[in-house]
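Peer 1: Structure provided below as structure tokens; questions to follow.
The values are calculated or read from the model by the stated rules, or taken from the named source; none is laboratory data. Since we're looking at a predicted model, the values are computed, not measured. Here the Cβ positions follow ideal geometry from the backbone for every residue, glycine too, while neighbour counts run over all protein chains shown.
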Amino acid sequence: MLSKTVDAFDEAFDVIVVGYGFGGAVAAINAHDAGAKVLLAEKMPNPGGISICSGGGLRLPHDQDGTLAYLKATNDGTTPDNVLETFVDEMIQIDDYVQDLIKVNGARIKRTERPGNYTFPGYDKMYFLQIDDIPGFEPKRDYAYANALSGGPYMFKVLQDNIASRGIEERLGVSAKRLITDGTGTVTGVWLDDGGGPKAVEAKCGVILACGGFEHAPEMQRQYWQINPVYTAAFVGNTGDGIRMTTDLGADLWHMWHFHGTYGFRHPDLPFAIRTKRLPDWVPGVREAEAPMSWILVGRNGRRFMNEYDPYMQDTGHRGMDRVDPMQMGQPYVPCYMILDDEGRALYPLGQTMFNDSAYENYEWSQDNLKEVQNGMIKKADSIGELAEMIGCDPEELDASVDRWNVSCDSGSDDLGRPPKSMVPLRKPPFYLAEVWPCVSNTQGGPVHDEKRRVINAYGEPIPRLYTAGELGGIWGSLYLSGGNLTECFVSGRIAGRGAAGEAAR
Ligand SMILES: Cc1cc2nc3c(=O)[nH]c(=O)nc-3n(C[C@H](O)[C@H](O)[C@H](O)COP(=O)(O)OP(=O)(O)OC[C@H]3O[C@@H](n4cnc5c(N)ncnc54)[C@H](O)[C@@H]3O)c2cc1C
């Protein structure tokens, strides 16, 4: 076991940043710019974390008061007001900050008007900022290891070029194992392992943990979530290390139940779930869902049980599946079954892979879903009765479910709340079925922090010289704001970077 205190260190920096996603990169840049000698340590062979897989959209405010009102309402008392107030104070500066960062490589910013997902006060006072072009940069060529969405690699390139232009020391394949203290509880360094054995590295000012959440920590998920199993959608590097390292020093935890997720498919050769097609978000009472959704979901009993198309499906899509049935002593909707007909099958690709991992070959989902029919991820049948046999449910139940659904489509009204324009009848054989599983894009929980992004212990006191950045212990405790996680990487990276660098050197 690694000791918590050491007599001597192997080397020394002012600030050690653990994890090289957006959160770690912004923290390292800010600590450096505040005058610190920084080490940025990343455990995977390639940098970028989940961040590089993302859409790269930062959610930013037009109006500070409106945005604060929205965050207070959606966090529903789970995050203190002063933390949210500081968050919004910082959020309002991010547009200017990104304009500074892009000077490094001439990247182009794109802004898109988009309201928040839920109609609380202030929902219409925010927009999205992305990077959509960098001269000479080609994501697929320059980040061949990441099978990513369009925006994430662009924003990461801006951050990586800023790390490089400042000469910040980065080390890949170096894992933080445990925090080191001086015996009074003040953090003095980190045990880092590059594969050659742990080394005690001193942080004279402070440590910033930006090592993500517990997307790929099934044993931790099992303790904090009812729904099980849940598969990571993008990345296997985030295994809850930051939660272990901080609780070791007495950190309190928050928002552990909350994860950004939906439902998706499993490919036998991949540790990742493949999320279902991203249909546009809609805003209840304001913006209708216009896109057709070609499927319904049924449980093991052959009955529909949830609205398949929530307003922000990528975030809350899994929540309808989260039930333990005490009569069956099990989870009747994990997995559940996607049912569609031949017209629905031909409508669009049902899945899309995006992951950051060079160990696995990219899986390209076919345009017409026929490759997935051939490889068995989607099963085909001539009748609904045949699909029922595959599920193992009563054929009359499934027949009745499909009949009821078709009648609902004709009337444009669904008793489970499916948006009318998304309703597509299932009439044209052959019919198709796929197993569907809950999947996590990213987690929101982790150590509690104060407005200075200092980690807080179980008695409400800061653990000296310990900070977090990014999604590790994010502010999102109830309803998540799309684009909020990446904004949090910037907000928290700036706050923690300045804060750690500003501590008097030991
Ligand atoms: C497909 C997809 C799309 C998304 N799109 C958006 C979007 O458009 N907008 C938005 O706001 N959010 C989006 N999200 C969520 C968002 O991407 C993440 O919440 C955010 O990127 C997390 O950033 P981070 O820096 O905290 O963590 P990460 O980017 O995951 O970085 C953490 C890093 O820490 C490293 N690490 C872990 N443990 C250790 C250790 N012990 N030692 C050293 N290093 C360690 C990891 O390897 C990793 O590189 C999306 C998520 C997914 C999956």
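Peer 1: Every residue in the stretch 34-60 that is of a type outside the set (A, V, I, L, M) and either outside the structural domain of Thr232 (by TED's automatic domain parsing) or away from the ligand (no atom under 14 Å from the Cβ) (or both), please. So that I can check it myself, show each step before the final result.
Peer 2: Taking the stretch 34-60 as the starting set, the residues that turn out to be of a type outside the set (A, V, I, L, M) are 35, 37, 42-43, 45-49, 51, 53-57, 59.
Residues satisfying the conditions are Gly35, Lys37.
Peer 1: Assess whether Gln352 counts as being crowded, with 19+ Cβ neighbours inside 10 Å, touching a strand residue (DSSP E or B) at 6+ places or on another chain (Cβ under 9 Å) and at negative phi.
Peer 2: no
Peer 1: Okay, moving on. Does the stretch 316-354 hold any residues that are more than 15 Å from Asn369 (Cβ to Cβ) and in a helix (DSSP H, G or I), and which are they?
Peer 2: Correct list: Thr316, Arg319, Gly320, Met321.
Peer 1: Where residues in the stretch 221-242 are crowded, with 19+ Cβ neighbours inside 10 Å and part of a helix (DSSP H, G or I), which of them is farthest from the ligand (Cβ to nearest atom)?
Peer 2: Gln221
Peer 1: A follow-up question, please. Just to be sure I understand, how many residues within the stretch 91-129 are more than 25 Å from Asp281 (Cβ to Cβ) and not polar (S, T, N, Q)?
Peer 2: 9
Peer 1: Can you tell me which residue is farthest from the ligand (Cβ to nearest atom) among those in the stretch 175-220 that are acidic (Asp, Glu) and within 15 Å of Met256 (Cβ to Cβ)?
Peer 2: Taking the stretch 175-220 first, the residues acidic (Asp, Glu) are 182, 193-194, 202, 215, 219.
Now drop any that are not within 15 Å of Met256 (Cβ to Cβ), which leaves 215, 219.
Working: Glu215: 8, Glu219: 15 Å.
Among them, the one singled out is Glu219.
Peer 1: Hey, another quick one. Working carefully through the options Asp241, Asp252, find the one that is acidic (Asp, Glu) and within 26 Å of Ala359 (Cβ to Cβ).
Peer 2: Residue meeting the stated conditions: Asp241.
Peer 1: Right, here's the next one. What pairs can you find where one residue is in the stretch 467-490 and in contact (Cβ under 8 Å) with a residue 12 or more places away in the chain and near the ligand (Cβ under 10 Å from one of its atoms), the other is of a type in the set (Asp, Glu) and assigned to a helix (DSSP H, G or I), and their Cβ atoms are less than 6 Å apart, with a gap of 6+ or different chains?
Peer 2: Short answer, once both residue conditions are applied: Gly474/Glu488; Tyr480/Asp315.
Peer 1: Going by the structure shown, is Phe156 under 15 Å from Ser51 (Cβ atoms), in contact with a helix residue (DSSP H, G or I) (Cβ under 6 Å, 6 or more places away or on another chain) and modelled with pLDDT of 95 or more?
Peer 2: Yes; evaluated as a whole, the condition is true for this residue.
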